[in-house]
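The values are calculated or read from the model by the stated rules, or taken from the named source; none is laboratory data. This one's a predicted model, so the numbers in the text were calculated from it and none came from an experiment. Counting neighbours? That spans all protein chains shown, and the Cβs are built from the backbone with ideal geometry, glycine included. Ligands, DNA and RNA are excluded from the accessible area calculation, which covers all protein heavy atoms including side chains. Shrake-Rupley method; radii C 1.70, N 1.55, O 1.52, S 1.80 Å.
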Amino acid sequence: SGEVHNKGEISLMDIIGEIRKNPNINKAGAIACFIGIVRGESQEGVPVEKLELEAYEEKANETLTGICEDIKRREGIIDVHIHHNVGEFGVGEEVVYVVVAGKHRKELFSALIDAVERYKKEAQIWKAA
């Protein structure tokens, strides 16, 4: 599943708990996760103190769920979750969790990378001005 949340509404352990409820979890050999955090400098090297993220929530939820469903259809993938936070964040705070359960690490890591690349390109989430 894919969803946008206000900061603090969901944790990595909540998501892993949801994945463990999947009826096919006994087929999984691993759970892999990507945690996106606020970097202390911009890509140009300018110091960053805080980051504010906004979303077109309904559309972003639809997009994130679509990415999850798409990747879940792959051979060896059991479950995919993308949960993106919005609000105001300090340096080091967690903004996104991408969690994938799969049978083998080769398919698992490939799916995790693709899920991360796709949410960054496709989700209707942006930095506030």
Of VAL38, ALA55, VAL80, whose Cα points farthest to the positive end of the dipole of segment 1-92 (charges on the beta-carbon: +1 Lys, Arg; -1 Asp, Glu; origin at the Cα centre)?
VAL80
Ignoring any ligand, DNA or RNA, what whole percent of the accessible area of segment 5-129 comes from carbon and sulfur when the probe is 1.4 angstrom?
49
Segment GLU75-ALA32, length gained on full extension (0.36 nm per residue, minus Cα span):
13.9 nm
Using the per-residue mean of other Cβ atoms lying within 10 Å as a proxy for protection, in what order, highest first, do the peptides 108-121, 76-89 fall?
76-89, 108-121
Relative intensity, log₁₀ I(q)/I(0), of segment 61-107 from a Debye sum that treats every alpha carbon as a point, q = 0.18 Å⁻¹:
-0.62
Integer Hz, Karplus 6.51/-1.76/1.60 couplings in order for segment 23-36, x for Gly and Pro
x, 9, 4, 5, 8, 7, x, 6, 10, 10, 9, 10, 10, x
Please report the antiparallel percentage of the DSSP beta bridges confined to the chain, to the nearest 5.
80
Run the Debye formula on the Cα coordinates of the chain, all scatterers equal and no solvent, and tell me log10 I(q)/I(0) at q = 0.09, 0.14, 0.16, 0.21 1/Å.
-0.26, -0.60, -0.77, -1.19
Could you work out the relative contact order of segment 27-129? I mean the mean sequence separation of Cα pairs under 8 Å and 6+ apart, divided by the number of residues, in percent.
42
Points 7 angstrom from Cα along the Cβ direction at LYS59 and GLU9: gap in nanometres?
1.8
With every protein chain kept in place and ligands, DNA and RNA left out, what is the accessible area per residue of the chain? Probe 1.4 Å, answer in Å².
59
Amide H neighbours of HIS104 under 5 Å, at least 5 residues apart or on other chains, H built in the peptide plane: list them.
GLY29
At 7 Å along Cα-to-Cβ for each site, give me the label-to-label distance between SER1 and LYS50 in nm.
3.0
How large is ³J(HN,Hα) for each residue in segment 46-59, as worked out from phi by the Karplus curve 6.51 cos²θ - 1.76 cosθ + 1.60 (θ = phi - 60°), to whole Hz, x for Gly and Pro?
7, x, 10, 9, 8, 9, 10, 10, 10, 8, 8, 4, 4, 5
